[in-house]
């Protein structure tokens, strides 16, 4: 199963990204407003840079099967940025953001990272809602709740496509792309200051 291969192959990148994205602080309730702003900015830039490419270059059959338009999260991130009165972030000049290939296997590999972040959002939003530093801001956490009650369905339908629509010979493309996506997000996290 491609999902399991992706999980194992990208574990080191996933762990590094979690550190760069303050996951420990999110989970223990010590995340500051400034750190949350950085998390939002990194996610915004990743989606702004890659989401459009994924949506427009994925084959029409997969776009339909995934109901791709319902998976666009950039608008949710924009709402979160607006709530905190954050200007739209930009990628600092010279930041080495690597491109991903435009075939279905590669795009699904990149999408695995973005969809996985959404899946983790249901745990993250619970922690953010309990965070004493963030409570007074009365935030909507739109990005982390993008799928609402459809979260599990969306993840399972994505994994179904991932595991059945990518030929085994193309697994390396998906793995490479997922790794690039994780690395790009870490690079963005290191490059952005809030």
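What follows is calculated from the coordinates using simple rules that are stated; it is not laboratory data. Keep in mind that what you see is a predicted model, and the values were worked out from it rather than measured. Glycine gets a Cβ as well: all are built from the backbone with ideal geometry, and neighbour counts include every protein chain shown.
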Quick check: residue separation of residue 61 and residue 93 times 0.36 nm, minus the Cα distance between them. What number comes out in nm?
7.9 nm
Pop a pseudo-label 7 angstrom from the Cα along the beta-carbon direction at both residue 194 and residue 70 and give the gap in nm to one decimal.
3.0
Candidates for mean projected area of the Cα convex hull in nm² are (1) 10.2; (2) 13.1; (3) 31.5, and the calculated one carries label (1)
In whole Å, how far is the Cα centre of segment 23-88 from that of segment 154-194?
14
For every helix of n ≥ 4 consecutive DSSP H residues, a contribution of -39,500 (n - 2.57) applies; sum these over the chain, divide by its total residues, and give [θ] at 222 nm rounded to the nearest 500 deg cm²/dmol.
-21500 deg cm²/dmol
Got a sec? How would 153, 144, 171 order by Cβ neighbour count within 10 Å, fewest to most?
153, 171, 144
Nearest-ten-degree value, helix 74-83 long axis tilted from longest Cα axis of the chain:
0
Cα gyration tensor of segment 1-67, axes a ≥ b ≥ c as square roots of the eigenvalues: rounded (a/c below 1.5), prolate (a/b > b/c) or oblate?
oblate
Run the quick spin-label model on residue 7 and residue 167: label points 7 Å from Cα toward the beta carbon, then report their separation in nm to one decimal.
2.7
Please compute the modelled spin-label separation between residue 119 and residue 153, points set 7 Å along Cα→Cβ, answer in nm with one decimal.
1.8
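For segment 71-175, go through all pairs of different Cα atoms, get the mean of 1/r, take its inverse, and jot down that Kirkwood value in Å.
Details: mean 1/r = 0.0628 Å⁻¹.
Over segment 71-175, the inverse of the mean reciprocal pair distance is 15.9 Å.
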